[in-house]
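Below is one structure, written out as structure tokens; the observations come after it.
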Amino acid sequence: MMQDMLRKYFPDLSAGQAEKILALKNIYSQWNNKINVISRRDFGNFEIRHILHSLAVAKIINFRDGTEILDIGTGGGFPGIPLSILFPGSSFTLIDSIQKKIRVVSEVVKSLNLNNVKPLCVRAEEHKGLYDFVVCRAVTSFGGIVKLSQGKIRITEKNELPGGIFAFKGGNLDEELADFKNKITVFPLSGYFDEEWFREKYLVYMPFKT
């Protein structure tokens, strides 16, 4: 199933990249039995709801080598780990305040020898560092994500899009995004993936500008 989806949506993946992505379900299955970081209900749809969902960022931007990305509230490592496989020339810092989740992330990183990933157990409010982009799945409201990202994004033009935030969102976003409507671009993921689950899933991009 995952192999077919990768061939369909990401035909340019190298054999090594595809192998690592295909290994994710088995690695997470082993760890999830010890430390529950993904709900059992969700795990049955792991390929779509975690791997493919995370890789949606790559439909919007092709991170250039040297790009630094911060994954806020990474949980079990999403979207950071799948994206790090897709963009080995970029560096990913994955943060979460829950130690057991970062333990799983660290073990997955070791298993796949992902040299471009740095997992840290820290609250986003306390983390110091400057990055080209922040990525975030299901942590808080969009306004909350913007607040957490303040002081963490450098003004840069090294990619085809200016440095900023990529936030995964779902459902009706009119009220949540009302204060940002002139600053953001909302990408419906149903425009990139055929699976029904993506019908009301979106990627919200907001550049940080001077």
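The values are calculated or read from the model by the stated rules, or taken from the named source; none is laboratory data. As the structure is a prediction and not an experimental result, all values here were calculated from the model. All Cβ positions, glycine included, derive from the backbone under ideal geometry; neighbour counts span all protein chains shown. Accessible surface is based on the protein model in full, side chains and every heavy atom, while ligands, DNA and RNA are left aside. Shrake-Rupley method; radii C 1.70, N 1.55, O 1.52, S 1.80 Å.
Just a few scattered comments:
- Search result, residues across the stretch 131-143 that are in contact (Cβ under 8 Å) with a residue 40 or more places away in the chain, assigned to a loop (DSSP other than H, G, I, E, B) and touching an Asp or Glu at 6+ places or on another chain (Cβ under 9 Å): Asp132
- Output for the stretch 91-107, where each listed residue is part of a loop (DSSP other than H, G, I, E, B) and in contact with a Leu (Cβ under 6 Å, 6 or more places away or on another chain): none
- Within the stretch 1-21, if we keep just the residues that are among the hydrophobic types (A, V, I, L, M, F, W, C) and loosely packed, with under 12 Cβ neighbours inside 10 Å, the residue that is farthest from Ile81 (Cα to Cα) turns out to be Met1.
- Some residue of the stretch 76-90 being assigned to a loop (DSSP other than H, G, I, E, B), among the β-branched types (Val, Ile, Thr) and either over 18 Å from the mean Cα position of the chain (by Cα) or closer than 24 Å to Ser149 by Cα (or both): no
- When Val139, Val122, Val108 are checked against the criterion of being surrounded by fewer than 16 Cβ atoms within 10 Å (Cβ to Cβ) and closer than 30 Å to Lys34 by Cβ, a single residue qualifies: Val122.
Residues checked against (1) crowded, with 19+ Cβ neighbours inside 10 Å; (2) within 24 Å of Val117 (Cβ to Cβ); (3) free of Cβ contacts under 8 Å to residues at least 40 places away in the same chain; (4) in contact with a Lys or Arg (Cβ under 6 Å, 6 or more places away or on another chain):
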position	(1), (2), (3), (4)
Gly129	no, yes, no, no
Gly164	yes, yes, no, no
Asp194	no, no, yes, no
Glu200	no, no, yes, no
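- When each of Lys110, Lys152 is tested for being modelled with pLDDT of 95 or more and touching a Phe, Trp or Tyr at 6+ places or on another chain (Cβ under 8 Å), the lone residue that passes is Lys152.
- Members of the stretch 157-179 that are touching a strand residue (DSSP E or B) at 6+ places or on another chain (Cβ under 9 Å) and within 29 Å of Gly66 (Cα to Cα): Asn159, Leu161, Pro162, Gly163, Gly164, Ile165, Phe166, Ala167, Phe168, Lys169
- Matching entry among Ile38, Ile102, Ile95, Ile72 (being under 24 Å from Gly151 (Cα atoms) and over 14 Å from the mean Cα position of the chain (by Cα)): Ile102
- Checking the stated criteria, Thr93 turns out not to satisfy the condition of being out of contact with any strand residue (DSSP E or B) (no Cβ under 8 Å at 6 or more places or on another chain), open to solvent by less than 30 Å² (accessible area, probe 1.4 Å) and hydroxyl-bearing (Ser, Thr, Tyr).
- Failed condition for Arg64, given (1) among the basic types (Lys, Arg); (2) surrounded by fewer than 18 Cβ atoms within 10 Å (Cβ to Cβ); (3) part of a helix (DSSP H, G or I): (3)
- When the stretch 144-158 is filtered for residues that are among the hydroxyl-bearing types (Ser, Thr, Tyr) and either touching a residue at least 60 places away in the same chain (Cβ under 8 Å) or in contact with a Pro (Cβ under 6 Å, 6 or more places away or on another chain) (or both), only Ser149 remains.
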